[in-house]
Amino acid sequence: MRIAVIPGDGIGKDVTAEAVKVLQATGEVFGRRFDLVQLPWSADHYLKTGETLPANGYQMLRDEFEAIFVGALGDPRVADNRHARDILLGTRFELDLYVNYRPVRLLDDRLSPLKDRGRKDINFVVFRENTEGVYVGVGGRFKAGTIDEIAIQEEVNTYKGVHRIIRHAFEFAKANGLTKVCMADKSNAMQHGHALWQRVFKEVSALYPGITAIHQYIDALAMFLVKDPGQYQVIVTNNLFGDIVTDIGGALQGGLGMAASGNIHPGRTSLFEPVHGSAPPLAGKNVANPIGAILSAALMLETLGAADESKAIERAVEAVVAQGQTTTDIGGALGTREVGDCIAKRITKTN
């Protein structure tokens, strides 16, 4: 498997090194070769060269690699974060990675921030539409910087985009023996774009009579995620709302350091990344939690068809969390590198 690795900025470099370490250990155990090609694209690269990624960068990612692994992007030295926008959002759009896949699973009861809610209650997935919505950049500013400034940011919803993400959510539920899909919108206030979501959800759900289709407004969903997360199995929503509720999901599973994600176009080169940001003040201090990055590597292997290898990584992560061999943000006393060592060693010993 030829995989592009973009460590990025800040703690992205720290956690990516541990994900690579775990991938290499997994490959050795299972006899699978991972050709991990490090790409320098980052704030450092942009500040040095003026280039966010080369002119043929998207084509290279699409044609020369089976998957892309990204650490984290963002650096205060690049005020508009154009490098992050081009590398991450650009890749999502140019490679048409329309599925943002976010499993939310609590690995240990002690990590739950909710009273009387544990592993049995916090286990669901969120599918976020990844190429449309308000993130497409349609709009503009008039009289910027004055008291008369007008800023317009438009949301784009297409039948194709809405249909394929909702269909993907139902197909995932069907393939995994799940019985409930919840679609969240704000159709009571956003009566044009979200009427399309309503129409498509009813249309698609009719094709899956064995799956209960539930609709909730996004504000209600956010409340119920905190009040009763156990009611959810699969959630599907738009780009902006999905961005917000998956951060709630990260908090439910112990913090953003535990959160993995995939940006996927089924059957094509896809991109995998931990949910957390680059946290520049923590970079190089051996304190960042690498578990989100390592679980993102497991998602990557799952998507590439290496199910046994993916499960081995997940089991190893669960084991070290249960034993408290973690970074301080989730109650342990280890550093970033030591957590990576523990997970890699467990894979080696138990498989």
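The values are calculated or read from the model by the stated rules, or taken from the named source; none is laboratory data. Remember, it's a predicted structure, so these values are computed and weren't measured experimentally. Heads up, the Cβs are rebuilt from the backbone with ideal geometry, glycines too, and the neighbour counts pull from every protein chain shown.
Can you pull out every residue in the stretch 136-153 that is surrounded by 10 or more Cβ atoms within 10 Å (Cβ to Cβ) and either hydrophobic (A, V, I, L, M, F, W, C) or part of a loop (DSSP other than H, G, I, E, B) (or both)?
Passing the criteria: Val136, Gly137, Val138, Phe142, Lys143, Ala144, Glu149, Ile150, Ala151.
For the stretch 77-86, does any single residue satisfy the condition of being within 25 Å of Ile6 (Cα to Cα), without any contact (Cβ under 8 Å) to a residue 60 or more places away in the chain and of a type in the set (Val, Ile, Thr)?
Yes: the stretch 77-86 contains one or more residues that are within 25 Å of Ile6 (Cα to Cα), without any contact (Cβ under 8 Å) to a residue 60 or more places away in the chain and of a type in the set (Val, Ile, Thr).
Within the stretch 319-336, count every residue that is farther than 11 Å from Gly257 by Cβ and surrounded by fewer than 15 Cβ atoms within 10 Å (Cβ to Cβ).
So the answer is 5.
Kindly indicate whether any position in the stretch 227-243 is out of contact with any Pro (no Cβ under 6 Å at 6 or more places or on another chain) and under 23 Å from Asp14 (Cβ atoms).
No - not one qualifying residue is present in the stretch 227-243.
Considering only residues that are in contact with a Gly (Cβ under 8 Å, 6 or more places away or on another chain) and in a strand (DSSP E or B), which ones fall in the stretch 59-93?
Val70, Gly71, Ala72
Quick grid of which residues meet (1) modelled with pLDDT of 95 or more; (2) surrounded by 20 or more Cβ atoms within 10 Å (Cβ to Cβ):
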{"site": "Asp14", "(1), (2)": "yes, yes"}
{"site": "Tyr58", "(1), (2)": "yes, no"}
{"site": "Arg62", "(1), (2)": "yes, no"}
{"site": "Ala79", "(1), (2)": "no, no"}
{"site": "Phe93", "(1), (2)": "no, no"}
{"site": "Tyr98", "(1), (2)": "yes, yes"}
{"site": "Val104", "(1), (2)": "yes, yes"}
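Quick one: Glu28 ticks every box in (1) over 21 Å from His276 (Cα atoms); (2) under 24 Å from the mean Cα position of the chain (by Cα); (3) of a type in the set (D, E, K, R) bar one, so which box is it?
(2)
Could you list, in sequence order, all residues of the stretch 40-75 that are under 25 Å from Gly305 (Cα atoms), of a type in the set (A, V, I, L, M, F, W, C) and touching a strand residue (DSSP E or B) at 6+ places or on another chain (Cβ under 6 Å)?
Answer for the stretch 40-75, where residues must be under 25 Å from Gly305 (Cα atoms), of a type in the set (A, V, I, L, M, F, W, C) and touching a strand residue (DSSP E or B) at 6+ places or on another chain (Cβ under 6 Å): Leu61, Phe65, Ala67, Ile68, Phe69, Val70, Ala72.
Kindly evaluate Ser278 against the criterion of being in contact (Cβ under 8 Å) with a residue 12 or more places away in the chain, of a type in the set (Ser, Thr, Tyr), in the same structural domain as Leu36 (by TED's automatic domain parsing) and closer than 19 Å to Phe172 by Cα.
no
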